[in-house]
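Trainee: Let me begin by handing over the structure; questions about it come next.
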Amino acid sequence: MSGLPLDATAVSEPQRVRPKRPARRTAALVPIVSTATVLACLGLWAVATHIGWIKPLFLPPPEAILSALGQAWNGDLDGAPLGIHVRDSLMRVLGAFGLATLLGIPAGLAMGTSRIARGILDPLIEFYRPLPPLAYLPLMIIWFGIGEVSKVLLIVLACFAPVALATRSGVLSASADQINAARALGASRAQVLRYVVLPAALPEILIGLRIGMGVGWTTLVAAEMVAAQAGLGQLVLNASNFLRTDVVVMGILLIGLFATLFEIGLRQLERVLVPWKGKA
């Protein structure tokens, strides 16, 4: 009796574990809450503008935005239909993003696998990465003019740094045990890079692509506000000069819509390429 605790039955009984909420049920709440939040914001916007809490000059009602969308679609605002503005913006950002991806992933792989490449590229990238793209936009215009080359190169530089640094981080996070096991089995350096290092770095690479696309889209709109004949940024800038708040809000909503579509597309790509992420 001296060696037993006061409540021996409490020790022998198995502890009751509270059942965990199913992950699927919890995940299903996210789109419901998001939809409810968006609808609540739209409802508050409509009520505030119709009651008169906010003047139309500062925030037009939703129907004014729809009217501005119709005018922009027909080309009644500045002579160019809305499709031309959207087409030019998408061509600039997608072309620059593709070029930044083709350059950034090999650069990141080189920095992650070679100390010499890291010593060459790392200080250059870390120097210009914190700089706002608009800071060196005038230099791009001086060097390459006000045409498409300066805007595309500006977006390439904005997208390149996140992609390259994320790739380098993914390469450095590869398991040393897997690399040594592949080498012990006779794998060459190229095979180790292709079958071990690259799959291990792929989740980080996709995160870098998502960040790069967001930065590139923001840079595109800023560049179009400075030097462009057509584009969503130019459309918003022209509307602000004439105090067309409805067109400005319409352009902002379109810019945010395309940014959301890009994010959703890259997330779906991430689910397809790295289905194991978050399930380990």
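Trainee: Name the residue that is nearest to Val215 (Cα to Cα), counting only residues in the range 241-280 that are of a type in the set (Val, Ile, Thr) and loosely packed, with under 13 Cβ neighbours inside 10 Å.
Mentor: In the first step, residues of the range 241-280 are kept if they are of a type in the set (Val, Ile, Thr); the result is 245, 247-249, 252, 255, 260, 264, 272, 274.
Now drop any that are not loosely packed, with under 13 Cβ neighbours inside 10 Å, which leaves 260, 264, 272.
On the way: Thr260: 13, Ile264: 16, Val272: 23 Å.
Only one residue tops the list, namely Thr260.
Trainee: Let me ask another. What is the number of the single condition among (1) in contact (Cβ under 8 Å) with a residue 24 or more places away in the chain; (2) within 18 Å of Ala222 (Cα to Cα) that Phe144 does not meet?
Mentor: Result: Phe144 fails condition (1) only.
Trainee: Check Val86 against each of (1) open to solvent by 40 Å² or more (accessible area, probe 1.4 Å); (2) part of a helix (DSSP H, G or I); (3) in contact with a Gly (Cβ under 9 Å, 6 or more places away or on another chain) and name the one condition it does not meet.
Mentor: Among (1) open to solvent by 40 Å² or more (accessible area, probe 1.4 Å); (2) part of a helix (DSSP H, G or I); (3) in contact with a Gly (Cβ under 9 Å, 6 or more places away or on another chain), Val86 violates only (1).
Trainee: Would you check which residues across the range 195-207 are over 18 Å from Asp177 (Cβ atoms) and open to solvent by 60 Å² or more (accessible area, probe 1.4 Å) and list them?
Mentor: Glu204 - this is the single residue of the range 195-207 that is over 18 Å from Asp177 (Cβ atoms) and open to solvent by 60 Å² or more (accessible area, probe 1.4 Å).
Trainee: Look at the range 155-193 and say how many of its residues are over 13 Å from Ile105 (Cβ atoms) and of a type in the set (Lys, Arg).
Mentor: Of the residues in the range 155-193, 2 are over 13 Å from Ile105 (Cβ atoms) and of a type in the set (Lys, Arg).
Trainee: Restricting to the range 128-148, name every residue that is surrounded by 13 or more Cβ atoms within 10 Å (Cβ to Cβ) and among the hydrophobic types (A, V, I, L, M, F, W, C).
Mentor: Scanning the range 128-148 gives Leu134, Leu137, Met140, Ile141, Phe144, Ile146.
Trainee: From Ala174, Ala72, Ala96, grab the single residue that is surrounded by 15 or more Cβ atoms within 10 Å (Cβ to Cβ) and either aromatic (Phe, Trp, Tyr) or not in a helix (DSSP H, G or I) (or both).
Mentor: Working: Ala72 fails: either aromatic (Phe, Trp, Tyr) or not in a helix (DSSP H, G or I) (or both); Ala96 fails: either aromatic (Phe, Trp, Tyr) or not in a helix (DSSP H, G or I) (or both).
Every option except Ala174 fails the conditions.
Trainee: Which of the helices (runs of 4 or more DSSP H) contained wholly in the range 190-280 include at least 2 residues that are touching a Lys or Arg at 6+ places or on another chain (Cβ under 8 Å)?
Mentor: The qualifying helices (runs of 4 or more DSSP H) are 198-226, 245-273.
Trainee: Hey, could you check the range 177-189 for residues that are part of a helix (DSSP H, G or I) and small (Gly, Ala, Ser) and say which is surrounded by the fewest Cβ atoms within 10 Å (Cβ to Cβ)?
Mentor: Within the range 177-189, the match that is surrounded by the fewest Cβ atoms within 10 Å (Cβ to Cβ) is Ala184.
Trainee: So which pairs qualify, if the first residue must be in the range 167-192 and closer than 17 Å to Leu209 by Cα, the second must be open to solvent by 50 Å² or more (accessible area, probe 1.4 Å) and at pLDDT 75 or above, the Cβ gap must be under 6 Å, and the two must be at least 6 apart or on different chains?
Mentor: Here the result reads Ser169/Glu204; Gly170/Glu204, each pair linking the range 167-192 to a residue that is open to solvent by 50 Å² or more (accessible area, probe 1.4 Å) and at pLDDT 75 or above.
Trainee: In the list Ile116, Ile125, which residue meets the criterion of being surrounded by fewer than 12 Cβ atoms within 10 Å (Cβ to Cβ) and of a type outside the set (Gly, Ala, Ser)?
Mentor: Step by step, each of Ile116, Ile125 is checked, and only Ile116 is surrounded by fewer than 12 Cβ atoms within 10 Å (Cβ to Cβ) and of a type outside the set (Gly, Ala, Ser).
Trainee: Listed residues Leu157, Leu131, Leu139, Leu109; which is in a helix (DSSP H, G or I) and under 19 Å from the mean Cα position of the chain (by Cα)?
Mentor: Exactly one residue qualifies, and that residue is Leu157.
The values are calculated or read from the model by the stated rules, or taken from the named source; none is laboratory data. Model, not experiment: these values are computed from the prediction. So basically every Cβ, Gly included, is an ideal-geometry build from the backbone, and we count neighbours across all protein chains shown. Side chains are part of the model used for accessible areas, which takes the heavy atoms of the whole protein and leaves out ligands, DNA and RNA. Shrake-Rupley method; radii C 1.70, N 1.55, O 1.52, S 1.80 Å.
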